[in-house]
Each structure stands twice: as C-alpha cells, then as structure tokens.
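Below is one structure, written out as structure tokens, with a few remarks after it.
The values are calculated or read from the model by the stated rules, or taken from the named source; none is laboratory data. Keep in mind that this is a model prediction, so the values were computed, not measured. Positions of Cβ are backbone-derived with ideal geometry, glycine not excepted, and every protein chain shown enters the neighbour counts.
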Ligand SMILES: O=C(O)C(=O)C[C@]1(C(=O)O)C=C[C@@H](O)C=C1
C-alpha cells in the first residue's frame, strides 16, 4: 500500500530532496578544494579587524549570516544559522512556509557539532596544505560547504516527521519511553544508507573528474577523493542526520 501523504510530503519526496542535496554538497567540496588550506583564514591573530575579535572566517560567517537573516533566510524552517545569538530580525515580509514540523523542531540546531567536524576532521582531509592568500574566497567556500551540509543534516527533522506519521503506532511507545535505541532501530534503513554512500562516491567521481579532449592518461584523478566524500557521509552526515531525527522524535509528543 502506498504510504499516506501528509501535507503532500512523502518519504520518497524527502529522500529525493536528500539526493539533490548530495549534488550541492559534492560541488561545494570541489569548489573549496580549489584553494589550499589557507591557515590565516582561521587564525584570530591574523585578522585584527577593528571592533571584532575572532578569525576572518568567523567575521565572514557572522556578517554573512546577519545580512541573510535580514533578507529572511532563517524564516525558512530548513535553514539554521551557525551563530544564532544576536542575529538581526528579518526585514522582509514573512513568507508563510507550510507548517509540517512539530514546534519543538525550532529548538534543534546542531551546527556547533557540524562546525567542529568540518574544521577539525573534514577540511584537513580534502584540501592541500598551503597558502595562496585567497582568504576571503576560502571563507566564502567554507560557508557554502557548511550551509549545504547543515541543511542536509537538519533535513532529518522532516524525514523523522514523515516516518512518525507513517508508522505512528510503532514510534509512539518508543517516544513515550524516551527510548533512543528503539527509535534508532525504527528509523534505520541500512540498504538506503549503503546506496547513499555509493552514490555520493560516484557523484564525486563524475562531477570531479578532469574533463579532457582526446585520449588522456589521467583517468582516476579527481578534484575531491570519492572515498573522502563517502567517508564524510558514513562517519558524519548520516549519523548526524539520525541524531537530528532522534532529537526531533524524542520531542515529537511534547
Ligand atoms: O532515508 C532515510 O530513511 C533517512 O532517514 C536518511 C538516512 C540518511 O542520512 O541518508 C538516515 C537513516 C537511514 O538509515 C537511511 C538514510
């Protein structure tokens, strides 16, 4: 039997969006990999910006998020700022996004974890060491990666909502018991996870290959190592999406 539709959102539609978001994530990693690590971007002692204490990256992200907040970006429940404190209010007319999620969704933001993972684990694994002076562009590329990864991981709220409504009688007892273990089992589809990991590696091969005319001897050289992209998904993106799903479900009956 086809799964019931809720506000016209089905698990298939949610998964289609996750698949599209893979493209954005893979492309954003490729764009960041065009620059070396560029350590001064992250060094608070380099920036010395008047009236600001922190790195150029933090300056760039805070300023960009402030502009985007004023332009209404965070009115969209799919968007999560990295520095939510002291963000200016939106200055544009409020768009009435469909209310699909439980209000508890608003309190879930794991961007701090995503930030730490990105800068401490992921970034050093896929960019070359070095310094070419392009610190502002580097910060801009980092923010694009962070926003794409964050949107995908927080999409777990919607995944969880659709699963909850599809299988309410299975989820409710586990939520009442605040039983993370059972919730994890309920929402896990190992076959889907395996397909995601394979697909993102393939996308990294396809989008990141060097396109040359004629016969070249350069097959197998990619702009971002496909194994790093599938590792990112295996070690971080999928586990953190599940974490968001569980955090959301635990509050779904509040
Ligand atoms: O597609 C789902 O059902 C999801 O919950 C998303 C996701 C993922 O992060 O890709 C996470 C958990 C499932 O085990 C499978 C895949």
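Filtered by the rule that a residue be under 18 Å from the mean Cα position of the chain (by Cα) and assigned to a helix (DSSP H, G or I), the range 30-53 gives 30, 31, 32. Kindly establish whether residue 56 is touching a residue at least 12 places away in the same chain (Cβ under 8 Å), more than 15 Å from the chain's Cα centre (by Cα) and either buried (at least 17 other Cβ atoms within 10 Å of the Cβ) or within 16 Å of the ligand (Cβ to nearest atom) (or both). Here the answer is yes, as residue 56 does meet what is asked. In the set (1) more than 16 Å from the ligand (Cβ to nearest atom); (2) part of a helix (DSSP H, G or I); (3) over 25 Å from residue 30 (Cβ atoms), residue 159 fails one condition alone, (1). Name the single residue that is nearest to residue 128 (Cα to Cα) among those in the range 208-233 being at pLDDT below 95 and not in a loop (DSSP other than H, G, I, E, B). Of everything passing the filter in the range 208-233, 222 is nearest to residue 128 (Cα to Cα). Taken across the range 186-195, residues that are within 15 Å of the ligand (Cβ to nearest atom), part of a helix (DSSP H, G or I), within 16 Å of residue 232 (Cβ to Cβ) and in contact (Cβ under 8 Å) with a residue 12 or more places away in the chain do occur, with at least one present. On the basis of being within 16 Å of the ligand (Cβ to nearest atom), surrounded by fewer than 18 Cβ atoms within 10 Å (Cβ to Cβ) and part of a helix (DSSP H, G or I), does residue 106 make the cut? Against the criterion (within 16 Å of the ligand (Cβ to nearest atom), surrounded by fewer than 18 Cβ atoms within 10 Å (Cβ to Cβ) and part of a helix (DSSP H, G or I)), residue 106 does not qualify.
Restricting attention to the range 162-177, the residues that are free of Cβ contacts under 8 Å to residues at least 60 places away in the same chain and within 13 Å of the ligand (Cβ to nearest atom) add up to 1. Among the criteria (1) surrounded by fewer than 16 Cβ atoms within 10 Å (Cβ to Cβ); (2) farther than 26 Å from residue 103 by Cβ; (3) within 16 Å of the ligand (Cβ to nearest atom), the one residue 180 does not fulfil is (2).
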